[in-house]
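Undergrad: The structure's right below; bear with me while I get my questions together.
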Amino acid sequence: MPKIALILIDIQNDYFPGGDWELHEMTAASAQAAELLRAARAQGDLVVHIRHENPNPDAPFFRTGSKGAEIHASVLPQDGEAVLTKHRPNSFHGTRLQELLQGAEVEEVILCGAMSQMCVDATARAAADFGFAVTIAEDACAARAVEFGGVSVSAEQVHAAFMAPLAMGYAKVVKAAEVLR
């Protein structure tokens, strides 16, 4: 059986209601992520928590040292679980994630977290490029509505627009329930 790692990406307070950069359905996504976390712990899979920090004190969210940059209570790390801090969307960039996964002989990564259109996307593509089999629990991910060129795109559409190409060439994109089977 391949060795598996669950990677929880940026499930941090600022993305939740009352945070500085609230995402659509983040509470529901984190509930699914918490189920994946419970299962990974029970199976003895490697668990890696990724947290994003922005050292710029004027950043709109995830400011270093802020309550908003802390990992949300729904998926708090346990002793012995890796917690890596990043400053860019790709969870591999400037972290020891690749070294950690390779050192544990991980072959498959399961991704969940936020934002679908940024850090989940960047991490999934990098993981595939590094040779890992990638599964995304899409209902354990959350997105944010965007506007570009006078066009407003809902969070649901943003999420779908990113999951579709990931499913075409980078990852198996499924519901958390399928991962849990």
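The values are calculated or read from the model by the stated rules, or taken from the named source; none is laboratory data. What you see is a predicted model; the values in this text were computed from it and never measured. Glycine also receives a Cβ, built like all others from the backbone with ideal geometry; neighbour counts cover every protein chain displayed. Ligands, DNA and RNA are stripped out before the accessible areas are found, and what is left, the full protein with its side chains, is counted by its heavy atoms. Shrake-Rupley method; radii C 1.70, N 1.55, O 1.52, S 1.80 Å.
Undergrad: Every residue in region 135-153 that is among the charged types (D, E, K, R) and surrounded by fewer than 14 Cβ atoms within 10 Å (Cβ to Cβ), please.
TA: First, pick out the residues of region 135-153 that are among the charged types (D, E, K, R): 138-139, 144, 147.
Glu147, the sole residue that qualifies.
Undergrad: Scan region 154-175 and tell me whether some residue there is open to solvent by 60 Å² or more (accessible area, probe 1.4 Å), part of a loop (DSSP other than H, G, I, E, B) and of a type in the set (Ser, Thr, Tyr).
TA: yes
Undergrad: Which pairs do you get when a residue that is more than 18 Å from Gly131 (Cα to Cα), found in region 148-173, comes within reach of a residue that is among the basic types (Lys, Arg) and open to solvent by 60 Å² or more (accessible area, probe 1.4 Å), reach meaning Cβ atoms under 9 angstrom, with the pair 6+ apart or on two chains?
TA: Ala155/Arg144; Val158/Arg144
Undergrad: Residue under question is Ala39, and the condition is that it be at pLDDT 95 or above and in contact with a helix residue (DSSP H, G or I) (Cβ under 6 Å, 6 or more places away or on another chain); does it hold?
TA: Spelling it out, Ala39 is indeed at pLDDT 95 or above and in contact with a helix residue (DSSP H, G or I) (Cβ under 6 Å, 6 or more places away or on another chain).
Undergrad: Restricting attention to strands (runs of 3 or more DSSP E) lying wholly within region 1-93, give those where 1 or more residues are over 16 Å from the mean Cα position of the chain (by Cα) and in contact (Cβ under 8 Å) with a residue 24 or more places away in the chain.
TA: Those strands (runs of 3 or more DSSP E) span 3-9.
Undergrad: Report the residue count in region 133-153 for those that are more than 23 Å from Leu101 (Cβ to Cβ) and part of a strand (DSSP E or B).
TA: 9
Undergrad: From His87, His24, which residue is open to solvent by 70 Å² or more (accessible area, probe 1.4 Å) and closer than 19 Å to Glu138 by Cβ?
TA: Working: His87 fails: closer than 19 Å to Glu138 by Cβ.
Going through His87, His24 in turn, just one is open to solvent by 70 Å² or more (accessible area, probe 1.4 Å) and closer than 19 Å to Glu138 by Cβ: His24.
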